[in-house]
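Report on the following structure.
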């Protein structure tokens, strides 16, 4: 409460100096950004007090102080800070890749592939079917001809099945969880990042055949998809190799070096037209597995030390982008979709776990880690909006509302899964919640 | 492969080569330098590859402001009253005299140079001259710390040098911040533009009120990652506020650092966080400094040379006079001011802060002079510190031997 009171005083202070400043300058964004960090930090602590993940607090702070509620961070300010957000996601991707060990991929690869395939196919089919059957309730499909309904239902489903590596990593860092449920969830989330590119490209290709695009946007060919994925693996492997060499022969200033890697990684990926997230994931994976014993771990520790502020920045800015009024207006449509998606993930994971012969904890809890969605889905929605400006905009709004719901509910569910499976570290935040009376049983 | 990608790969290769080379030079010749990061910034900036274009520069501005503010907090965190009151008055007198003489000598000399070379009015010329005076006053503690660790000795010279670098930083920040309050463009849309005194009060007010509120905000927080988030937010808010008002972020954040380190129960943890983040942010500052550098359109060589010469003379001369007037020459030696020639992050921060201000004269020239001085002086700073500390150590040993032999003869 003390922090909340001081936050109000700080907000008053910033309002006091606003008339004296230079309007329209970038420094106003910095002023509000500093405030947003403190606000996210405070609300994150409050969230922990009520046994919610901190990132939900960061998101809520972003929503409250963002351009659509109190307006402390303006729309212009939020867009000016986009590079910070992109850098944060690049760092998170590198960190996520570095979490995977080659031995684990080799041993658990078939299990993860089976579970992921079942989950993605189930979710995709359920979401496509839902939109197709209930097209009359969806604004841009209500009176559309059959090919258009199929095309946009395909695109919607291909984007709505995406997961969030950022939320997964944030929760794993917060709870410092280790165990089969967290490893399976992380593995599926990372693998599905590759699969989703294929799904989406195929869906976009079919959509283009059914409904010729009215806007611009590049034509998606098989070769481009192959390059986007293969190129990302190649560029990521090269980047990882360079990082491993740096660790071996220089090995200094690792926290700063991690920021440089993320910055260069995303720039190189963008210029090479390969998938950014996958590039950084691969770079992290190669670095960790090629480096000598201890070298990769040092970098990982350096990145983990800087991870907490990165998560605050990323999720607070993500929250600032949520348009509350729009989400609220679409809730009657979004909640059934979110429920069907969650049900499909649950079914897919049960089927996948049975097929792969996974253990009881994975079968029971891993699906809860797959509900979250974040930046990747927004990126894919903007590609659709580029190709189909009119319908794409409505589709994008619906997807953003769905992402907002999943981004808020997902972390809460994943944290419950971590606590219930007993995988939170004894000194992690999740374990504290687990030790609280009634936490494990949910009472 | 696109030309931009080739450029990025060249930049990465160039940076790695420069980093490895500077690392080797550092170990071999005791060179304390961040020159490779400046070079990286120049390579990334609009002068070469444009990887850091105007939009990217704007997007990463929070890091830049954070880096500027962090420099201020780090400087402020040195002023722990508990530790400062243990020192006698003489070292303070020496330090303040040296800092004041350097500021006055460089500001005066550069005013003359600018008036003569660019036919500027003295009232205009004094603005970039005082900015350069503030840059000149700043001294890097890195080389001194490195030498003290290497020699394993912390005698009176090392203590004097460490105190003097702190006082130099204080003087540089206060002088530069006051310069910006005096040379402040009136804001649009206000009933009456604040006077320079009012701007100075606002600047100090942000620091004092901010420091008090952040002290209460952080409370007894001891977890490093949480402190890091809180401190980053506080620094960004205070420095963002100052930058928004076109004031220097250095003074408010220095006050915040001083308040936190004197009032917080977790001062050791705060120092740990500051030390942990200081180096990466210093490199960010250097990269942005390199990227922001634009070759001065004016004849810059002569003013920069004069700046380097006058600064060197003022540091050595000021140090000599300070020691002489306080009867400290036998302990410190006549040329102890040589160890203060290293420039460090504060000089870059002041130069960059000046460059980012609107409507200030000779911004590129001041910034170029600061960068040249940082590159040239930081190469030699540890060597110079070693010569000063080494000779002081020898002198002390000789005095000890002489005292011992005197006692033996008496006996």
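The values are calculated or read from the model by the stated rules, or taken from the named source; none is laboratory data. Predicted model only: the values in this text are computed from it and were never measured. Please note: Cβ atoms are built from the backbone with ideal geometry, for glycine as well, and neighbour counts cover all protein chains shown.
So here's what we get for this one:
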read-out	value
Candidates B:257, B:233, filtered to the one that is in a helix (DSSP H, G or I) and within 19 Å of the chain's Cα centre (by Cα)	B:257
Yes/no for residue A:183 being touching a residue at least 60 places away in the same chain (Cβ under 8 Å) and buried (at least 21 other Cβ atoms within 10 Å of the Cβ)	yes
Residue match in region B:207-219 (condition: in a loop (DSSP other than H, G, I, E, B), modelled with pLDDT under 85, within 14 Å of another protein chain (Cβ to nearest Cβ) and surrounded by fewer than 22 Cβ atoms within 10 Å (Cβ to Cβ))	yes
Lone unmet requirement of (1) in a helix (DSSP H, G or I); (2) modelled with pLDDT of 85 or more for residue A:193	(2)
Conditions (1) farther than 14 Å from residue B:372 by Cα; (2) surrounded by fewer than 18 Cβ atoms within 10 Å (Cβ to Cβ); number of the one not met by residue B:332	(2)
Spans of helices (runs of 4 or more DSSP H) in region A:20-89 with at least 2 residues within 7 Å of chain B (Cβ to nearest Cβ), surrounded by 19 or more Cβ atoms within 10 Å (Cβ to Cβ) and in contact with a helix residue (DSSP H, G or I) (Cβ under 7 Å, 6 or more places away or on another chain)	A:27-49
Region B:236-254 - residue that is within 7 Å of chain A (Cβ to nearest Cβ) and either touching a strand residue (DSSP E or B) at 6+ places or on another chain (Cβ under 8 Å) or not in a loop (DSSP other than H, G, I, E, B) (or both) and, of those, surrounded by the most Cβ atoms within 10 Å (Cβ to Cβ)	B:241
Entirely in region A:239-328, the helices (runs of 4 or more DSSP H) that have 2 or more residues that are within 13 Å of chain B (Cβ to nearest Cβ), over 14 Å from residue A:85 (Cα atoms) and free of Cβ contacts under 8 Å to residues at least 60 places away in the same chain	A:254-271, A:295-321
Within region A:206-228, tally of residues that are at pLDDT 65 or above and assigned to a loop (DSSP other than H, G, I, E, B)	5
Residue check for residue B:186: in contact with a helix residue (DSSP H, G or I) (Cβ under 9 Å, 6 or more places away or on another chain), more than 24 Å from residue A:41 (Cβ to Cβ) and either in a helix (DSSP H, G or I) or within 14 Å of chain A (Cβ to nearest Cβ) (or both)	no
Among (1) outside any helix (DSSP H, G or I); (2) over 23 Å from the mean Cα position of the chain (by Cα); (3) crowded, with 21+ Cβ neighbours inside 10 Å, the one test that residue A:143 misses	(3)
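Listed here are the residues, each with its yes/no results for (1) surrounded by 18 or more Cβ atoms within 10 Å (Cβ to Cβ); (2) modelled with pLDDT of 85 or more; (3) more than 8 Å from chain A (Cβ to nearest Cβ); (4) over 25 Å from the mean Cα position of the chain (by Cα).
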{"residue": "B:165", "(1), (2), (3), (4)": "yes, yes, yes, no"}
{"residue": "B:170", "(1), (2), (3), (4)": "yes, yes, yes, no"}
{"residue": "B:190", "(1), (2), (3), (4)": "no, no, no, yes"}
{"residue": "B:196", "(1), (2), (3), (4)": "no, yes, yes, no"}
{"residue": "B:223", "(1), (2), (3), (4)": "no, no, yes, yes"}
